[in-house]
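Peer 1: Here's a structure for you.
Each value in this text was obtained by applying a stated rule to the coordinates, not by laboratory testing. Nothing here was measured: the structure is a model prediction, and the numbers come from that model. Cβ placement follows ideal geometry from the backbone for every residue including glycine, while neighbour counts extend to all protein chains displayed.
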């Protein structure tokens with residue numbers, strides 16, 4: 001009878017007997033950014049909106065040297081149900097229960113099969129990872145290339161109480177059965193991967209790969225200018241897919257989504273913002289465009305995003321007080337926690353004009369909630385509904401608002417209240433971005449409208 005490793009579908013580590021060997025792999029995250037099967041076919045009819053696959057997973061691990069072809073795959077576990085392209089905080093444990101004859105830890109093998117059904121007949125990916133290591137604990141990220149579509153990425157950790165051989169060095173991780181294309185913790189003798197665009201070697205303006213946490217790749221748009229390099233963490237525009245930015249929970253905004261690019265619709269992810277803002281001292285620049293015209297360039301110093309436990313609270317100091325994120329109603333977006341209408345952590349929802357604006361003359365309202373944001377003042381929302389360009393006019397006519405009750409992509413550029421005494425100003429910009437930088441802000445050309453063109 002073939003040996004079987006057990007996949008423990010649990011959210012905590014199992015208790016290990018003190019007198020027995022153990023080896024476990026923690027599968028932390030699965031990312032299928034293209035939302036496709038292995039053959040490149042989309043999993044969902046709504047792939048054009050960024051929807052991905054509802055995924056089932058089978059996984060086996062061995063630290064005993066057993067050939068994985070001699071190990072039966074366990075029953076599949078469904079790891080998501082809402083068509084997410086990235087499944088974070090997965091925390092599934094895979095154990096090798098056949099360690100009695102193992103007297104030294106030299107590494108392990110892990111096989112992962114991903115599919116869209118419980119039998120995994122519709123394959124998303126299937127690969128074997130071999131990690132050679134004498135470390136009793138570690139973390140590892142592996143990226144598996146797929147022909148004709150984007151790669152998938154898995155993030156894992158491992159733990160064992162099996163001592164290593166004292167004379168065994170730690171070789172580089174390799175793969176069995178497939179070419180190694182992944183990444184792992186960078187040896188101290190080699191340069192670390194770039195955490196932001198300013199560290200990309202020979203960077204040019206365009207989509208680049210950075211590693212905010214040092215290991216996990218994230219695609220961003222880098223803007224190389226004469227005065228420094230920007231890392232774009234949010235952008236809205238009419239280029240590329242007009243994807244939805246409206247999700248029910250703060251957790252839906254923790255990972256990146258959309259397509260990085262100039263004028264594209266893209267979100268870097270709150271968790272990436274938190275990690276990156278803890279690496280260096282960053283300033284934030286917000287560019288607001290109406291057609292090809294630059295409306296405002298707002299700068300904020302010492303930009304920080306807090307942890308998920310604090311709902312990614314934002315902190316920064318405005319270059320010009322009273323406008324943008326520093327606009328004040330009963331609060332400011334600066335120092336606010338991230339919220340959605342259904343997952344609320346902002347000012348009183350009943351007094352938030354992003355959801356309470358009325359066309360008083362026609363008695364039409366209130367405005368419809370759209371998009372998550374740091375709703376401290378409720379005067380801003382760059383994640384709002386994207387109206388199409390209207391020949392350089394970004395005012396939302398009341399007759400347009402009356403039809404769908406959407407306020408749009410808005411950011412305060414004045415410190416006074418808007419029409420009717422509301423905190424919103426009925427401007428919806430058709431190209432915006434949030435970009436981080438570390439260079440001297442006094443060198444910035446405040447009239448530079450190249451992003452808008």
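Peer 1: Rounded, prolate or oblate: which fits region 11-143 when a ≥ b ≥ c are the square roots of the eigenvalues of the alpha-carbon gyration tensor, with rounded for a/c under 1.5 and prolate only if a/b beats b/c?
Peer 2: prolate
Peer 1: Take the alpha carbon atoms of region 258-318, find their center, do the same for region 416-449, and report the distance between the two centers in whole angstrom.
Peer 2: What the calculation gives is 12 Å, centre to centre.
Peer 1: Can you tell me how region 46-122 classifies by the Cα gyration tensor, rounded, prolate or oblate, using a/c under 1.5 as the rounded cut?
Peer 2: Numbers: a/c = 3.27, a/b = 2.37, b/c = 1.38.
Judged from the Cα gyration tensor, region 46-122 comes out prolate (a/c at least 1.5, a/b above b/c).
Peer 1: Starting from the 7 Å offset along Cα-to-Cβ, what nm value, one decimal, do you get for the label separation of residue 205 and residue 117?
Peer 2: For residue 205 paired with residue 117, the spin-label model returns 4.9 nm.
Peer 1: Next question, about the same structure. Which ordering of 86, 446 is given by a fewest-first count of other beta-carbon atoms within 10 Å?
Peer 2: Working: 86 19, 446 10.
Listed from fewest to most nearby Cβ atoms, that is 446, 86.
Peer 1: Something else about it: Shape of region 303-453 from its Cα gyration tensor (a ≥ b ≥ c, root eigenvalues): rounded if a/c is under 1.5, otherwise prolate when a/b > b/c, or oblate?
Peer 2: Values: a/c = 1.83, a/b = 1.21, b/c = 1.52.
Oblate.
Peer 1: Something else: Relative contact order for region 197-452 using alpha-carbon pairs under 8 Å, separation at least 6, rounded to a whole percent?
Peer 2: Here the relative contact order equals 21 percent.
Peer 1: Taking just the alpha-carbon atoms of region 197-452, what radius of gyration and Dmax come out, in angstrom?
Peer 2: 17.2, 57
Peer 1: Turning to a different aspect of this structure: If you average 1/r over every pair of different alpha-carbon atoms in the chain and take one over that average, what Kirkwood value in Å do you get? Display every interim value, and only then the final one.
Peer 2: On the way: mean 1/r = 0.0419 Å⁻¹.
The answer is 23.9 Å.
Peer 1: Determine the calculated [θ] at 222 nm for the chain from helices alone, applying -39500 (n - 2.57) to every DSSP H run no shorter than 4 residues and normalising by the residue count; nearest 500 deg cm²/dmol. Present the calculation step by step, with values, prior to reporting the outcome.
Peer 2: Details: 3 runs with 19 residues, N = 453.
Computed ellipticity for the chain at 222 nm equals -1000 deg cm²/dmol.
Peer 1: Here's a follow-up. How do 254, 351, 226, 441 line up, fewest other C-beta atoms within 10 Å first? Write down the numbers at each step before the final one.
Peer 2: Details: 254 19, 351 12, 226 7, 441 16.
Sorted ascending by nearby Cβ count, the order is 226, 351, 441, 254.
Peer 1: Counting pairs of alpha carbon atoms under 8 Å apart in space and at least six apart in sequence, what relative contact order in percent does the chain give?
Peer 2: Details: 1152 pairs, mean separation 54.1, N = 453.
Relative contact order of the chain: 12 percent.
Peer 1: Grab the beta carbon distance between residue 192 and residue 163, set R0 = 22 Å, and tell me the FRET efficiency rounded to 0.05. Don't jump to the answer; show the numbers that get you there.
Peer 2: Values: r = 30 Å, r/R0 = 1.34.
Efficiency computed from Cβ-Cβ geometry: 0.15.
Peer 1: Report the full-extension gain for the segment residue 441 to residue 147: residue separation times 0.36 nm, less the Cα-Cα distance, to one decimal in nm. Spell out each step's value before the answer.
Peer 2: On the way: separation 294, 0.36 × 294 = 105.84 nm, distance 4.30 nm.
So the extension gain works out to 101.5 nm.
Peer 1: Arrange 377, 389, 348 by Cβ neighbour counts within 10 Å, fewest through most, would you?
Peer 2: On the way: 377 26, 389 17, 348 11.
Placing the least packed residue first, the sequence is 348, 389, 377.
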